[in-house]
Amino acid sequence: MDAMVELSWAARWSGMAFFIAAFFLASLAAVLLLVRRWPWCSCHVCRAYLSGSWAKEFTNLGDWYAHLLRESPTGHFAHATGTVHVHVLGCTVTANPANVEYMLKTNFDNFPKGKPFAAVLGDLLGGGIFNVDGDAWRLQRKMASLELGSVNVRSYAYGIIAQEVESRLMPVLAAAADAGEGGGEAVVVDLQDVLRRFAFDTICKISFGLDPGCLDLGMPVSRFADAFDAATRLCAMRGAAASPLVWKAKRLLNVGSERELRRNIEIVDELAAAMIRERRKLGVAGSHDLLSRFMAANSAGDDDAVDDKFLRDIVVSFLLAGRDTVSSALTTLFMLLSKNPAVAAAMRAEASGDATSSSYQHLKGLHYTHAVLYENMRLFPPVQFDSKFCAADDVLPDGTYVAGGARVMYHPYAMGRMPAVWGDDHGEFRPERWLTGPGGTFVPESMYRFPVFQAGLRVCLGKELAVTEMKAVAVAVVRAFDVQVVGESGCGACAPKFVSGLTASVSGGLPVRIKRVVRNKM
């Protein structure tokens, strides 16, 4: 008995000694990193980043980056490079289209996502397409390309989008509009929340053939959606840390933000598993949702042969791509339309050629609306920056040297604010800049000047589907309602403050009043 007690105490002391040793090792590594990088790095950029002093002058970190990139030093071509270094992050940031093309196309293999990026997002995204390189990425991309390119899948997806707009989104907005009619008090609605619920329901139906019902009139709370939001926000905090040792130590000790992240990822995992079980129960034969088609393509008729971890990572990747990006773009779109009623009126006039049609072909022919969407995303891209890691020493086209292992970030948000890219009117919301084709038709810009959907080999496979969904929502809402943002600052002044996250989310939501459009009677 005494021997067992002694062994028990020995095990406890051994565990405690390991814990203490791990803690001090992590602390020592953090101290060494800080000694190496700060305060010995005396440049104003690093000090502003670490102290947060940039926030005294700029609303968002992206606005500060845009300022730095506009004021970037002159390169060997005798003009501003559009590239800066943030030494404390070990990161090169660029808004130069030539550099973007070099990274995403010309020398693609030297700029993978990289292991540091995979570590930051690995707990949430796992081995999903947005978090892997090499053969794993090529396999998933090939599968996704085949499915998203299918006529049957596109037809199925558009049918769901049209149904969700008609049966859920429009009734919610109509109820808000009618509540303020007849002398009643106008209802203020958080349009960002409404659009996120719409996008969540839509992507779940398209991707998994399941309906979470988040946009029902009762606006039910979704544990999955809330946990997913928290997880993406906390993962973004990892990426913004001056040293990865900070969040790694917190994860080891299971404290603070890392404890919260673990708890939320457990909820995401639990509900993703429930979706997979339900999809298996319903069967995949003859189903057009993306999860069923992935399961069928990988199982050769035996659903259980498909690895659940692989399917879980697909579920999370689809949600990130199809829910957050679409709702983010639509939120800033209606913010801009509220401030620019003439643009909303022009969209309404274009769509009124067939007052009831919202068919795919009809939407495809709305060139002005297409230009409005792209102009919105130029100013407010749903994904404001993207990072790669340089595999081997390299020199970017603007002459910037990048060491092997260094992080390189291209910044679509900053690119939309660069006079070298968009001219002196870069800060203006002007859809006409996209209507340069015959008869004022829409003409896209180079993907490397407008990398909102990425570019090159990693260009977004769901681009057409996302734009179609945005168009369907924009046209339906603009035809029927005037959306008026509440307040004269922040979103009311088209100067929103964004929450830290993998995709752009407006802090405090988008409070609006909805009014029915008064149509002139002939």
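The values are calculated or read from the model by the stated rules, or taken from the named source; none is laboratory data. Note that the structure is a prediction, hence the values are computed from the model and not measured. Because the Cβ atoms are built from the backbone with ideal geometry, glycine has one as well, and the counts that use them run over all protein chains shown. When the accessible area is computed, the model is the full protein with side chains, heavy atoms only, and any ligands, DNA or RNA have been set aside. Shrake-Rupley method; radii C 1.70, N 1.55, O 1.52, S 1.80 Å.
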### Query
Looking only at the range 466-482, which residues have a backbone nitrogen under 20 Å from a spot 7 Å from the Cα of residue 217 in the C-beta direction?
477, 480-481
### Query
Which residues in the range 463-503 have a backbone N closer than 16 Å to a point placed 7 Å from the Cα of residue 516 along the Cα-to-Cβ line?
477-483
### Task
For a label point 7 Å from the Cα of residue 255 along Cα→C-beta, name the residues of the range 219-249 whose backbone N is under 14 Å from it.
246-249
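Could you give the C-alpha radius of gyration of the range 71-228 expressed as a fraction of 2.2 N^0.38 Å, taking N as the number of residues it contains?
So the Cα radius of gyration is 1.49 times the expected 2.2 N^0.38 Å.
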### GluC sites (Glu not before Pro) restricted to the range 459-522 and DSSP loop, no more than 12 other C-beta within 10 Å
488
### Message
For the range 47-66 and the range 487-516, what is the centre-to-centre distance using only Cα atoms, to the nearest Å?
### Response
19 Å
### Task
Could you order 49, 156, 65 so the one with the most accessible surface comes first? Probe is 1.4 Å.
156, 49, 65
#### Entry: Accessible heavy-atom area order of 123, 324, highest first, probe of 1.4 Å
123, 324
### Message
One quarter of the convex hull surface, Cα atoms only: what value does that give for the range 176-234 in nm²?
### Response
4.9 nm²
### Task
Please report, in whole Å, how far the alpha carbons of the range 144-257 spread along each principal axis, starting with the longest.
57, 47, 21
### Summary
Expected unfolding gain across residue 166-residue 262 under the 0.36 nm per residue rule, minus the alpha-carbon gap, is 30.8 nm
## Note on the structure
Projected convex hull area of the range 367-522, Cα atoms, direction-averaged, in nm², equals 12.7 nm²
### Query
What are the residues whose amide H is under 5 Å from the amide H of residue 91, where those residues sit 5 or more places off or on another chain and H is modelled from the backbone?
86
### Task
Mind pulling the angle between the C-alpha long axis of helix 2-37 and the longest principal axis of the chain? Nearest 10 degrees, somewhere in 0 to 90.
60 degrees
### Task
Could you compute the FRET efficiency for residue 91 and residue 391, with r as their C-beta to C-beta distance and R0 at 22 Å, rounded to 0.05?
0.90
### Query
Over the range 240-293, what per residue volume does the convex hull of the Cα atoms give, in whole Å³?
102 Å³
### Message
With every protein chain kept in place and ligands, DNA and RNA left out, what is the accessible area per residue of the range 44-516? Probe 1.4 Å, answer in Å².
### Response
41 Å²
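Can you pull a Stokes-Einstein diffusion coefficient for the range 364-430 at 25 °C (0.890 mPa s), Rh from Kirkwood over Cα pairs, as a whole number of µm²/s?
175 µm²/s
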### Task
Sequence neighbours fewer than 8 away in the same chain don't count; with that in mind, list the lysines whose C-alpha is under 26 Å from residue 248.
113, 115, 309, 388
### Calculated Rg and Dmax of the range 224-337 using C-alpha coordinates, Å
17.4, 50
### the range 373-405 versus the range 180-222: alpha-carbon centroid distance in Å
34 Å
### Message
Given points 7 Å out from each Cα along the Cα-Cβ axis, report the residue 181 to residue 146 separation in nanometres with one decimal.
### Response
5.1 nm
### Query
Using a 1.4 angstrom probe and counting only protein chains, how large is the accessible area of residue 505 in Å², to 10?
20 Å²
### Message
Quick check for me: using +1 on Lys/Arg Cβ and -1 on Asp/Glu Cβ, what's the dipole size of the chain about its Cα centre, in debye to the nearest 20?
### Response
480 debye
### Message
Keeping all protein chains in the complex and leaving out DNA, RNA and ligands, what accessible area do you get for residue 460 with a 1.4 Å probe, in Å² to the nearest 10?
### Response
60 Å²
## Note on the structure
Phi angles of the range 123-133, converted by Karplus (6.51 cos²θ - 1.76 cosθ + 1.60, θ = phi - 60°) into ³J(HN,Hα) in whole Hz with x for Gly and Pro, give 5, 8, 8, x, x, x, 4, 7, 10, 10, 10
#### Entry: 0 to 90° range, to nearest 10: angle between helix 191-208 axis and the chain longest Cα axis
80 degrees
#### Entry: Carbon/sulfur fraction of accessible area - the chain, other protein chains in place, 1.4 Å, %
59 percent
### Summary
Here the tail fraction of P(r) beyond 33 Å, over all Cα-Cα pairs of the chain, rounds in percent to 45 percent
### In Å², nearest 10: area of residue 248 left accessible to a 1.4 Å probe
90 Å²
#### Entry: Potential extension, residue 135-residue 285 segment - 0.36 nm per residue separation minus Cα distance
51.2 nm
### Summary
Here the FRET efficiency for residue 345 versus residue 226, based on Cβ atoms and R0 = 41 Å and rounded to 0.05, is 0.65
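Restricting to DSSP H runs of at least four residues, report the calculated mean residue ellipticity at 222 nm for the chain, -39500 (n - 2.57) per run over all residues, nearest 500 deg cm²/dmol.
-16500 deg cm²/dmol
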## Note on the structure
So, relative contact order of the chain in percent, Cα under 8 Å, 6 or more apart, is 23 percent
### Task
Starting from the residue with the highest accessible area, list 415, 143 in decreasing order, probe 1.4 Å.
143, 415
